[in-house]
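The structure appears below as structure tokens.
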Amino acid sequence: MNRKPYIAGNWKMNLDRRAAVALAAALREACQAFTDRDVAVFPPFVYLDEVARTLAGSKVRVGAQNMCDAANGAFTGEVSAAMLLDVGATSVILGHSERRQLFGETDEGIGRKVRTALGAGLDVILCVGETLDERNTQATERVVGRQLTKGLEDLTLDQMAKVTVAYEPVWAIGTGLNATPKQASDVHTYLRGLLAGLFSPKVAQATRIQYGGSVKPENARDLLTSPDVDGALVGGAALKPDSFLAIARFR
Ligand code: PEP
């Protein structure tokens, strides 16, 4: 199956309003010609509205970096799926390793968020990935398998059409150490096999699996043309138009 590459920029807690809008405006123009790849940006919550307006009608989709698993109510400091849709977001990243490690998010809680997001009509990027310790103790498949299974629990085959998986080895995020194309490919192939068992071979073939972890213009081509790698989730290199676009134009 010919899966369309999907390149997404996770801006994390970076940029200010002016820089966020300027970056969005630069991507808007540069991505107009893209027909054979999808591009999305994930700004901080407070800039979503303005970035989404800057990118309205363009080829660049806009999403959030997190959301609440509840629809509304007394959840101080949280943001709901309906609020994201209301300001023009169409997607959400869930289960990023920084959420898991720094904010105590669990596989079960992430699964609830995935169900809430899809139920509300958002697309989802579900992140999975092992720590260095887990890789060194041969636990990678067990860990990413558990994260995938719990994160996608109770989804229908139809809902899976709105899910992208991002394999992001924790040891490669923000460290400058990327997985080799073979290391990435091996895990992606493993995850695709799991998807076939959890859902169906058709779903497994259709689901895009991004690689994330120190993707840069210099390594994008090798990583993104590896078997079973369908694009990238980019952190640091997504903060400047030149580096993000060089990755998005990997071929
Ligand atoms: C990320 O946090 O999703 C990420 C991949 O970051 P970086 O590209 O900076 O490693």
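For this structure, a couple of remarks:
- Residues located in the stretch 216-240, provided they are open to solvent by 40 Å² or more (accessible area, probe 1.4 Å) and either of a type outside the set (D, E, K, R) or in a loop (DSSP other than H, G, I, E, B) (or both): Lys216, Pro217, Thr225, Pro227, Gly236, Leu239, Lys240
- In the stretch 185-202, residue nearest to the ligand (Cβ to nearest atom) [restricted to those that are more than 14 Å from Thr149 (Cα to Cα) and open to solvent by 50 Å² or more (accessible area, probe 1.4 Å)]: Asp186
- From the options Asn2, Asn14, Asn72, residue that is without any contact (Cβ under 8 Å) to a residue 40 or more places away in the chain, of a type in the set (S, T, N, Q) and farther than 21 Å from Ile209 by Cα: Asn72
- When residues of the stretch 126-142 are limited to those that are aliphatic (A, V, I, L, M) and crowded, with 19+ Cβ neighbours inside 10 Å, the one nearest to the chain's Cα centre (by Cα): Leu126
- Qualifying positions in the stretch 165-184 - open to solvent by less than 10 Å² (accessible area, probe 1.4 Å) and not in a loop (DSSP other than H, G, I, E, B): Val165, Ala166, Tyr167, Ala172, Ala184
- When the stretch 218-229 is filtered for residues that are within 15 Å of the ligand (Cβ to nearest atom) and touching a strand residue (DSSP E or B) at 6+ places or on another chain (Cβ under 7 Å), the ones remaining, listed by number, are Ala220, Leu223, Leu224, Val229.
- For Leu122, the conditions (1) over 28 Å from Ala30 (Cβ atoms); (2) in contact (Cβ under 8 Å) with a residue 12 or more places away in the chain are fulfilled apart from (1).
The values are calculated or read from the model by the stated rules, or taken from the named source; none is laboratory data. Please read all numbers here as calculations on a predicted model, not as lab measurements. As a convention, Cβ positions derive from the backbone with ideal geometry for all residues, glycine included, and neighbour counts pool all protein chains shown. Protein only, heavy atoms only, side chains kept; ligands, DNA and RNA dropped before computing areas. Shrake-Rupley method; radii C 1.70, N 1.55, O 1.52, S 1.80 Å.
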